[in-house]
Amino acid sequence: MDFGQNPIIIHWQGRPKGDREWGIYSSRDDSYRCFLAGKINWSSVELFQLNDQTTNTLPSAVLIVPESKVTCIDGKAIVGEVLLSDVG
């Protein structure tokens, strides 16, 4: 499956490996950030789920977003259009 150039992968980080929060992985620079809050414009997102019958790793379902559609402001991840109300 082709996810385009430099996709951002968003998933729910569950226990036991850490606190429950959103994890955001950037394929461009192989970096990972965690957020407790976010805002998503669903028209910018593609959903992807691994086959549970053949995969037993976590996460098995993720949101995939073009890098150009993700902005981080004041510790909050914004996917899609950034509004004035999003800026502290």
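The values are calculated or read from the model by the stated rules, or taken from the named source; none is laboratory data. Computed from a prediction, not measured in an experiment: that's the story for all the values here. Ideal geometry is used to build each Cβ from the backbone, glycine not excepted, and the neighbour counts take in all protein chains shown.
Can you name the residue in segment 3-37 that is modelled with pLDDT of 80 or more and part of a loop (DSSP other than H, G, I, E, B) and is also nearest to residue 64 (Cα to Cα) among such residues? Filtering segment 3-37 for residues that are modelled with pLDDT of 80 or more and part of a loop (DSSP other than H, G, I, E, B), the one nearest to residue 64 (Cα to Cα) comes out as 27.
Taking first residues from segment 56-80 that are among the acidic types (Asp, Glu) and outside any strand (DSSP E or B) and partners that are at pLDDT 80 or above and buried (at least 17 other Cβ atoms within 10 Å of the Cβ), the Cβ contacts under 6 Å between residues at least 6 apart in sequence or on separate chains come to 67/8. If you go through segment 34-54 one residue at a time, how many are among the basic types (Lys, Arg) and either within 13 Å of residue 6 (Cα to Cα) or surrounded by fewer than 14 Cβ atoms within 10 Å (Cβ to Cβ) (or both)? Counting residues in segment 34-54 that are among the basic types (Lys, Arg) and either within 13 Å of residue 6 (Cα to Cα) or surrounded by fewer than 14 Cβ atoms within 10 Å (Cβ to Cβ) (or both) gives 0.
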